[in-house]
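The values are calculated or read from the model by the stated rules, or taken from the named source; none is laboratory data. Note that the coordinates shown come from a computational prediction; the quantities given were computed from them, not determined experimentally. Ideal geometry is used to build each Cβ from the backbone, glycine not excepted, and the neighbour counts take in all protein chains shown.
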Amino acid sequence: MKITCFNYTSVFFAIILFFIQSVSANNGTVKFNEDGSFFIEGQGLPKVKASLFLWHGNWQYATPSSVVASENTWTGNMPEPNTTTGHISYTQTAKITDDGITEISLDFQKNGEISLNRGIFMLFEFPTYDMSGQTIEFTHGLPYIASDNYRTSAKGFSINLNETIAMEVNFDRACLFEHRGKIGESLMNIRLSPDANTKIAMKIKFKPAIDTTTIWQAEPQNKKLAIKGVKLSADQVPRYSILELDIDLNASFYDFFNPNEIRLEAEFTSPSGKKYIVPAFIYQGFKSEQEGDLELLARDGGLIWKIRFSPTEIGDYSFIINAKDQKGKLKSELKKFTCVESESKGFVRISQPSEKGSPLYFILDNGETLFLIGHNMPTYYSNVDEYFSKMKESGENYNRFW
């Protein structure tokens, strides 16, 4: 590993700048400042910066202080010792591997009494002018535009620095990544750990530019309209449960969220002859893995068109699939499934009192009255299954996401 020390002196200041040069085919360079923060440098590359910080006590903001730099090692504190009842001390080391990867190790230790708000963080600053429109591809979950709002759990990310070079950052654990600042700004907060007394390893490398898009930026399709296949989740569907259709579709469209460009729907006919039109939607499957207080989501398969339908009558249903794009339309062959009896009590509806002015209440399809009791829960919470189980044990039957 090559470590070079630059000394710049003037009447007003002296700056000591340590850096490690990443030996990579793309000539990307990771340089470290005297406090251990670092930035990316290279010909034609934007100057991406990264630094540590934390919140403590009454949301007091702290960055590294009293840092001592020695070759490829930095020791420091957050906040400054003796200014509060406690602080977090840390040791940071860095090295270059034979294949040109920059490895950074961080060791945090709690000293005295200090209350962390949310944990220990690293801030990445992406130059807004150069990178606000770049797509961040995370190891888990969905990709996001750097300047958009996002909050996701992953073990790392990749982002293009220009048209030919991408930066890849990986951690040895699940971290929480979230956009910071106003819409249009390209700042990323990374929660490294919710607690102190922990060791964290991260790696940075440069590689050829990645080809990735967000779900809503999916590539346009220009194929002859064809329904290549329709897969039913079951041939027999219990009453009030869900039939799911997977539809393999070729079509011509620019934006699959625009029904004027692509329209896909099913026309169901019930045993009594009633007809129902149900639109299709784009679906992306995920597999879930829990690590600490974070949920890691990994894509399970690719994008697919789906239709979901809940039958309410016992007997044989039939349906056809209607597809239409900018170049034409077609129908699938007739398909069937059977609805069988179940123990489900049916859908929730509003009562229809016989006397005008009578109070209204919720009622189920089987005639039972429904009384809801529950509470609010955040829209996205990694422990949602655990909380729903506790709610069920307590006799709750309702939740309002917020």
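Counting only strands (runs of 3 or more DSSP E) that sit wholly inside segment 134-192, those with at least 1 residues that are among the polar types (S, T, N, Q) and buried (at least 20 other Cβ atoms within 10 Å of the Cβ) are 151-160. Is it true that residue 234 is more than 29 Å from the chain's Cα centre (by Cα), outside any strand (DSSP E or B) and either closer than 21 Å to residue 141 by Cβ or not assigned by TED's automatic domain parsing to the domain that holds residue 49 (or both)? Considered against the rule, which asks whether it is more than 29 Å from the chain's Cα centre (by Cα), outside any strand (DSSP E or B) and either closer than 21 Å to residue 141 by Cβ or not assigned by TED's automatic domain parsing to the domain that holds residue 49 (or both), residue 234 comes out as yes.
Return yes when residue 47 is surrounded by fewer than 17 Cβ atoms within 10 Å (Cβ to Cβ) and either part of a loop (DSSP other than H, G, I, E, B) or under 26 Å from the mean Cα position of the chain (by Cα) (or both) and no when it is not. Yes, satisfied. Taking the criterion of being under 30 Å from residue 235 (Cβ atoms) and over 36 Å from the mean Cα position of the chain (by Cα), the residues of segment 335-363 that qualify are 335, 336, 337, 338, 339, 340, 341, 342, 343.
With respect to being touching a Ser or Thr at 6+ places or on another chain (Cβ under 9 Å), modelled with pLDDT under 95 and assigned by TED's automatic domain parsing to the domain that holds residue 179, residue 131 fits the description.
Scanning segment 327-336 for residues that are touching a Ser or Thr at 6+ places or on another chain (Cβ under 8 Å) and exposed (fewer than 13 other Cβ atoms within 10 Å of the Cβ) yields 327, 334, 336. Within the set 253, 281, 309, the sole residue that is outside the structural domain of residue 369 (by TED's automatic domain parsing), crowded, with 16+ Cβ neighbours inside 10 Å, in contact (Cβ under 8 Å) with a residue 12 or more places away in the chain and under 30 Å from residue 365 (Cβ atoms) turns out to be 309. Looking at 195, 211, just one residue is more than 21 Å from residue 135 (Cα to Cα), modelled with pLDDT under 95 and not β-branched (Val, Ile, Thr), and that residue is 195.
When residues in segment 115-126 are screened for being surrounded by 15 or more Cβ atoms within 10 Å (Cβ to Cβ) and not in a strand (DSSP E or B), 1 of them pass.
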